[in-house]
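Chemist: First the structure, which I've put down as structure tokens, then a few questions once you've had a look.
The values are calculated or read from the model by the stated rules, or taken from the named source; none is laboratory data. Everything numeric in this text was worked out from a predicted model, so none of it was measured. Here Cβ is always computed from backbone atoms with ideal geometry, including for glycine, and neighbour counts include all displayed protein chains.
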Amino acid sequence: MLNNGILLIIITIFVVAVIVIAIVLNVIQKSKINKIQNQIDSLDKQKNIILSTPVPSELTKVEAIIKNEKMEERYKNWQKRFELLKTDKIANITDMLAELDIFLANHNYKDLNVRFAKTEIEIYKAQEAAEELLSEIREITLSEEKYRDIVIKLKTKYRDLLAKYNSKKDEYGDISDAIELQFENIEKRFSDFEEVMENNEYTEVVHIVKALDTMIDHMAIVIKEVPDLVLLAEKLIPKRIEEIEATHLELVEDGYNLDYLKIDYNIEEARKNIKNILGRIKVLNLEECMFELKTILEYMDSLFNDFDKEKICRKFYNESIVDFEKKLNKLKKIVGGIYVQLDDIKSLYDLKEEDLENIYAVTRRLDKINTSYERLQQACVDKSEAYSKLSKEIENLSNDLRLLEDDLDISLKSLGSMYDDEIRAREQLCEIQDVLDECKFTIRSYKLPIINNTYFVQLSEASEAIEEIVKELEKKPIEIMTLNTRVDTARDLVLKLHHTTNEMISTAKMVEDIIVYGNRYRGTNRDFDRGFIEAEDLFRKGKYQDSLGVAISSMGMVDAAYSKKLWKAYREK
């Protein structure tokens, strides 16, 4: 019983599941079919919208305004195209929509999708054709209202321009005739517009309106720019040319060379350009006219800047030439003096080839600067160069002269240092000799039992070094480097001798003082007595340093405090 109950439950669940799945699948299928059906209905609505395009009503409007064969021909063409749209394209779309219904009913979704895409394309093409047709028809039916609104605005703009012109007619000069003729042309175009509108020649209207718009826009530019162009071309620039010619003549008579500016040629070209520009303005061709006139005016203004520059450069040149000539003459005098004394200098000192070449190079550069200066002066006298160029050249020459002056100073310092070294060597020779004599006097004045050989060796070396200085000073020419070396060597040897002399005497004196002080302790200590006897023996042999060490050590046996003080003094020597 239990097993039968379980089996019954399982079967029941299975049956319910199958039913639920069937219901779900049925719902999904139905939803899919409804969705596709809605899409087909949407396509059908689009087809109906195309059919409801107000082409017939617009064609009725066209029929009422036909007054010529050309318009009638276009009317018939539009009718034919609309009929073709209905009988061909729309009918084909209707058949395609019917096929979609059949495919849907048969659940043929594969072919349905393909056919659906093709139907959409055909509807799109039909829609484009209908809109294009309607646009062409309305271009005619709406033309009168559309173009009349445009022409009304153009007439308002035209009247404003005419009023503006009449209020300042005198500012347009000779261009007035061309402007008034253009105004007449515009008025004629307005008349043409009324005529074609009266005859319903709408295909011509668009060209007339475009022409009017272009002409009025151009006239707006003319009315705005011509007064300024006339002012520039007939008054400002000619007046500026007169001022330039007068100033140019005045400067040339005052000695200025202005050939590089090519003023006569450029002014003649400017006049030709102005004449050409005025010719274009008279036919109302204003393209680039303002730019070209402003360019000419800017050139004229730049000439005044060039004139001012020449005046400044002339002042600079005249001021610079005075200072330059002073420096040049000063250097020429110095260099000339060096050449006069050069043989004497060479006989006195052993000049290096480098020193001589520096002097020769300075001379060559000075000659080159002097030649350039003479050419510059001649150019100024002949008025063959502009002051702007002359001032630049004198500035460059001044810089060259300044550099030459610096190099000459270096050469003169080199020669002067040789003389200074000689004088210094003679002064130091005297000082060194005095130190040597002092050492001899010090040794003689202090009665030492024996003078060390070290002293005599150093005395001999110092004396020989002094003799070498004397020999170098007696040479002609003097080798300055060798002389300086001899002086340095002699000074070092004499100072060494001076130190040795002072050291020997101070040591001997210190030993004597210790022996005198220590005599009071004689006989009190046998070791002390032996030490002092040894110190005295070393002193008599001239071994003053050894004697001092023994004496100090011996004093430590009888007077430790004094010995300690002596050791401190000995270490500080």
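Chemist: State whether the residues of the range 235-248 include one that is closer than 30 Å to residue 315 by Cα, in contact (Cβ under 8 Å) with a residue 60 or more places away in the chain, in the same structural domain as residue 163 (by TED's automatic domain parsing) and not in a helix (DSSP H, G or I).
Modeler: Among the residues of the range 235-248, not one is closer than 30 Å to residue 315 by Cα, in contact (Cβ under 8 Å) with a residue 60 or more places away in the chain, in the same structural domain as residue 163 (by TED's automatic domain parsing) and not in a helix (DSSP H, G or I), which makes the answer no.
Chemist: List pairs: first residue in the range 156-180 and closer than 21 Å to residue 235 by Cβ, second residue basic (Lys, Arg) and part of a helix (DSSP H, G or I) anywhere in the structure, Cβ distance under 8 angstrom, at least six positions apart or on different chains.
Modeler: Going by the 8 Å Cβ cut-off, the qualifying pairs are 174/282; 175/282; 176/169; 178/282.
Chemist: Let me ask you something else. So which of 417, 411 ends up being surrounded by 17 or more Cβ atoms within 10 Å (Cβ to Cβ), modelled with pLDDT under 75 and among the small types (Gly, Ala, Ser)?
Modeler: Details: 417 fails: surrounded by 17 or more Cβ atoms within 10 Å (Cβ to Cβ).
Sole residue among the options that is surrounded by 17 or more Cβ atoms within 10 Å (Cβ to Cβ), modelled with pLDDT under 75 and among the small types (Gly, Ala, Ser): 411.
Chemist: Tell me, which helices (runs of 4 or more DSSP H) lie completely within the range 479-573 with 1 or more residues that are modelled with pLDDT of 80 or more, under 23 Å from residue 434 (Cα atoms) and among the hydroxyl-bearing types (Ser, Thr, Tyr)? Don't jump to the end; show me each part of the working.
Modeler: Numbers: elements: 480-518, 526-540, 544-558, 560-571.
Hits in the range 479-573: 480-518.
Chemist: May I ask you to verify whether residue 192 is modelled with pLDDT under 85, in the same structural domain as residue 277 (by TED's automatic domain parsing) and either surrounded by 15 or more Cβ atoms within 10 Å (Cβ to Cβ) or closer than 26 Å to residue 43 by Cβ (or both)?
Modeler: Details: modelled with pLDDT under 85: yes; in the same structural domain as residue 277 (by TED's automatic domain parsing): yes; either surrounded by 15 or more Cβ atoms within 10 Å (Cβ to Cβ) or closer than 26 Å to residue 43 by Cβ (or both): yes.
Yes: the conditions hold for residue 192.
Chemist: Take the range 136-151 and flag every residue that is of a type outside the set (Asp, Glu), at pLDDT below 75 and part of a helix (DSSP H, G or I).
Modeler: Across the range 136-151, the qualifying residues are 137, 138, 140, 141, 143, 146, 147.
Conditions tested, residue by residue: (1) at pLDDT 90 or above; (2) closer than 30 Å to residue 381 by Cα; (3) exposed (fewer than 13 other Cβ atoms within 10 Å of the Cβ).
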residue: 289; (1), (2), (3): no, no, no
residue: 298; (1), (2), (3): yes, no, yes
residue: 309; (1), (2), (3): yes, yes, no
residue: 325; (1), (2), (3): no, yes, yes
residue: 347; (1), (2), (3): no, no, yes
residue: 353; (1), (2), (3): no, no, yes
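Chemist: Also, I was wondering about something else. Filter the range 254-274 for residues that are of a type in the set (S, T, N, Q) and in a helix (DSSP H, G or I); which is farthest from residue 304 (Cα to Cα)? Break it down into steps so the answer makes sense when it comes.
Modeler: Residues of the range 254-274 that are of a type in the set (S, T, N, Q), as a first pass: 257, 266, 273.
Adding the requirement that they be in a helix (DSSP H, G or I) leaves 266, 273.
Values: 266: 14, 273: 20 Å.
It comes out as 273.
Chemist: In addition: Within the range 198-213, identify whether any single residue is hydroxyl-bearing (Ser, Thr, Tyr) and surrounded by 13 or more Cβ atoms within 10 Å (Cβ to Cβ), and answer yes or no. Before the answer, list the steps.
Modeler: Our first condition is that a residue be hydroxyl-bearing (Ser, Thr, Tyr); within the range 198-213, this holds for 202-203.
Checking the rest, the ones that are also surrounded by 13 or more Cβ atoms within 10 Å (Cβ to Cβ) come to 202-203.
Scanning the range 198-213, I find at least one residue that is hydroxyl-bearing (Ser, Thr, Tyr) and surrounded by 13 or more Cβ atoms within 10 Å (Cβ to Cβ), so the answer is yes.
Chemist: Six or more apart or on different chains, Cβ atoms under 6 Å: show the pairs whose first residue is in the range 395-424 and under 13 Å from residue 324 (Cα atoms) and assigned to a helix (DSSP H, G or I) and whose second is among the basic types (Lys, Arg) and at pLDDT 80 or above.
Modeler: If the second residue must be among the basic types (Lys, Arg) and at pLDDT 80 or above, the pairs left are 401/327; 404/365.
Chemist: Sticking with this structure for a sec: Quick test for you: out of 293, 303, 284, 278, pick the one residue that is buried (at least 16 other Cβ atoms within 10 Å of the Cβ) and not in a helix (DSSP H, G or I).
Modeler: Of the residues listed, the single one that is buried (at least 16 other Cβ atoms within 10 Å of the Cβ) and not in a helix (DSSP H, G or I) is 284.
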